[in-house]
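Let me begin by presenting the structure, written as structure tokens, before commenting on it.
The values are calculated or read from the model by the stated rules, or taken from the named source; none is laboratory data. Worth saying up front: this structure is predicted, and the values here are computed from it rather than measured. Cβ placement follows ideal geometry from the backbone for every residue including glycine, while neighbour counts extend to all protein chains displayed.
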Amino acid sequence: MRKSHLLFFLLLSSFFLQSQTVPNGTYYGSTLMCNNGYKNVGGQCLKLPSVSNGTYYGSTLMCNNGYKNVGGQCNKMTPQEAEQQRIQMAIIAAQARAANREFYIDDEKFTLRDISRKCEVYRYSDNYGDVECSGYKFRVIERKCEAYFSGKNDKSGDLECRGSDFRPIERYCSTTMYSDNYGDIDC
């Protein structure tokens, strides 16, 4: 077989390996991704039971507001559960708005999302940790902010900063340890 034919054959076969349609799904390489409302069972996409008051995203059932997933069905919440859901949704919406809010420190523009992505905490004692960031513009945050933990066994803590320019960080950011010494900053 000539090189040009071999190359054509390899390209053609890689195309079919990358994306191959099956009933109610598509193979991407060796991974089968089923359509919404179907689940991968032994390499086949089987239909999930129909539900009212909810929608499948892939094989994940997401119930409408005021309903909860109980054994694959969307059941109406109690008034207390519905109120708790409303409060949680309001908190999530406020966090999303805050994460995109811009603020300035020493003429540098920041968002809380930038800080979550570029910074983490190094815990050096039971109660304190340093903020460590990648990127030159974040050095001011490293110098002015630190993490505080209430107790030795606390896995989450608050960020404390010196200066009124840093209020958004103190107000909307916290840290959660993912190991004994390092933690993510969540804003």
Quiz item: If you go through region 111-142 one residue at a time, how many are part of a strand (DSSP E or B) and under 20 Å from the mean Cα position of the chain (by Cα)?
Solution: 5
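Taking the residues in region 167-187 that are in a loop (DSSP other than H, G, I, E, B) and of a type in the set (S, T, N, Q) as candidates, determine which candidate is surrounded by the most Cβ atoms within 10 Å (Cβ to Cβ). Can you show your working first?
Step one: of region 167-187, the residues in a loop (DSSP other than H, G, I, E, B) are 173, 178-181, 187.
From what is left, the residues that are of a type in the set (S, T, N, Q) are 179, 181.
Numbers: 179: 7, 181: 11.
Per the stated criteria, the residue is 181.
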Exercise. Of the conditions (1) loosely packed, with under 14 Cβ neighbours inside 10 Å; (2) farther than 22 Å from residue 22 by Cβ; (3) at pLDDT 90 or above, residue 41 clears all except one; give me its number.
Key: (2)
Exercise. Pull up region 37-56, narrow it to residues that are under 25 Å from the mean Cα position of the chain (by Cα) and either among the polar types (S, T, N, Q) or not assigned by TED's automatic domain parsing to the domain that holds residue 20 (or both), then point me to the one that is nearest to residue 26 (Cα to Cα).
Key: 40
Self-check item: Residue satisfying all of: in region 93-116; surrounded by 14 or more Cβ atoms within 10 Å (Cβ to Cβ) and among the aromatic types (Phe, Trp, Tyr); nearest to residue 131 (Cα to Cα) among these
Solution: 110
Self-check item: In region 143-166, residue surrounded by the most Cβ atoms within 10 Å (Cβ to Cβ) [restricted to those that are modelled with pLDDT of 90 or more and assigned to a helix (DSSP H, G or I)]
Solution: 166
Quiz item: Pairs, please: C-beta under 9 Å, at least 6 apart or cross-chain, first residue more than 16 Å from residue 110 (Cβ to Cβ) and in region 154-174, second surrounded by 15 or more Cβ atoms within 10 Å (Cβ to Cβ) and modelled with pLDDT under 90?
Solution: 174/187
